[in-house]
Structure formats: C-alpha cells, structure tokens
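The values are calculated or read from the model by the stated rules, or taken from the named source; none is laboratory data. In this text the structure is predicted, and so the values were computed from the model without any measurement. Methodologically, a virtual Cβ is constructed for each residue, glycine included, from the backbone with ideal geometry; neighbour enumeration extends over all protein chains shown.
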C-alpha cells in the first residue's frame, strides 16, 4: 500500500504566487495548492469533478459567476465543466481532489496556472 508524506513531495512553483504538490493515482489527483495573498487562478473549466478543502487562509472562489468566501475547514464542490476562478485574500493552503486524474497537470499542459502572477 503506497504511503505519501507531503513533506516528501516536491513543491512545483507555477508562478511567483502559486505552487503545488501533487499525487496522481489511477482514478484521482490530490493536490496541495499554496497561494500567496493576491494570487489569482484565472477563469477556467475542466472535465474533472473537484473538491477543494481550505486548510488555512481565505479564498474568494467564484463558481459559475457566483462568489463564495472560503474559510479554513470549509469544502466546496466544483462540478465537471463549471467555469471557476480563485483569488487568495490572504496566504492560503488548499487541498484539491480531482476525479478523474488531472492528465493536463501530468503533461504540464496547464498554462492558465503558469502565467505571470496577477
């Protein structure tokens, strides 16, 4: 049985304000997303169902045009193909779970995250 430790998973710097750690399995991707205050994940959508659990900080999560402030301990669901954006209102750490796995992340085909900091 595989055992993972976040402190042993490399941190991938996507832009000056956003980094992540990923575990890809056959059926899902689990990621820790590190967002510095002011970071913006631009509007995007994907075929994956997504659950976001905020561990610390505050995020403005806008899903299908409706903004929600996410506080530590809260969880939000993004259905497949739902357009959404995220803004870090303070330094934040979130855990995202995607099903099926984020194949675009495995390939590095995620330019929307790798652009300049906003």
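Would the stretch 34-43 turn up any residue that is in contact with a helix residue (DSSP H, G or I) (Cβ under 9 Å, 6 or more places away or on another chain), in contact (Cβ under 8 Å) with a residue 40 or more places away in the chain and either exposed (fewer than 15 other Cβ atoms within 10 Å of the Cβ) or not in a strand (DSSP E or B) (or both)?
The initial filter retains those residues of the stretch 34-43 that are in contact with a helix residue (DSSP H, G or I) (Cβ under 9 Å, 6 or more places away or on another chain), namely 41-43.
Right, trim to in contact (Cβ under 8 Å) with a residue 40 or more places away in the chain and you get 41-43.
If we keep only those that are either exposed (fewer than 15 other Cβ atoms within 10 Å of the Cβ) or not in a strand (DSSP E or B) (or both) as well, we get 42-43.
Checked against the condition, which is being in contact with a helix residue (DSSP H, G or I) (Cβ under 9 Å, 6 or more places away or on another chain), in contact (Cβ under 8 Å) with a residue 40 or more places away in the chain and either exposed (fewer than 15 other Cβ atoms within 10 Å of the Cβ) or not in a strand (DSSP E or B) (or both), the stretch 34-43 yields at least one hit.
Considering the stretch 46-80 alone, what residues qualify as being surrounded by 16 or more Cβ atoms within 10 Å (Cβ to Cβ), without any contact (Cβ under 8 Å) to a residue 40 or more places away in the chain and assigned to a loop (DSSP other than H, G, I, E, B)?
Matches in the stretch 46-80: 57, 58.
For the stretch 1-31, how many residues are without any contact (Cβ under 8 Å) to a residue 24 or more places away in the chain, part of a strand (DSSP E or B) and farther than 19 Å from residue 100 by Cα?
3
Residues being in a loop (DSSP other than H, G, I, E, B), in contact with a strand residue (DSSP E or B) (Cβ under 8 Å, 6 or more places away or on another chain) and more than 19 Å from residue 22 (Cβ to Cβ): count how many of those fall in the stretch 81-114.
Count: 4.
Looking only at the stretch 81-111, count every residue that is modelled with pLDDT of 95 or more, surrounded by fewer than 18 Cβ atoms within 10 Å (Cβ to Cβ) and either touching a helix residue (DSSP H, G or I) at 6+ places or on another chain (Cβ under 7 Å) or farther than 21 Å from residue 6 by Cβ (or both) and tell me the total.
The qualifying residues number 6.
Do we find that residue 47 is at pLDDT 95 or above and under 17 Å from residue 97 (Cα atoms) in this structure?
Numbers: at pLDDT 95 or above: yes; under 17 Å from residue 97 (Cα atoms): yes.
Taking the combined requirement at face value, the residue satisfies it.
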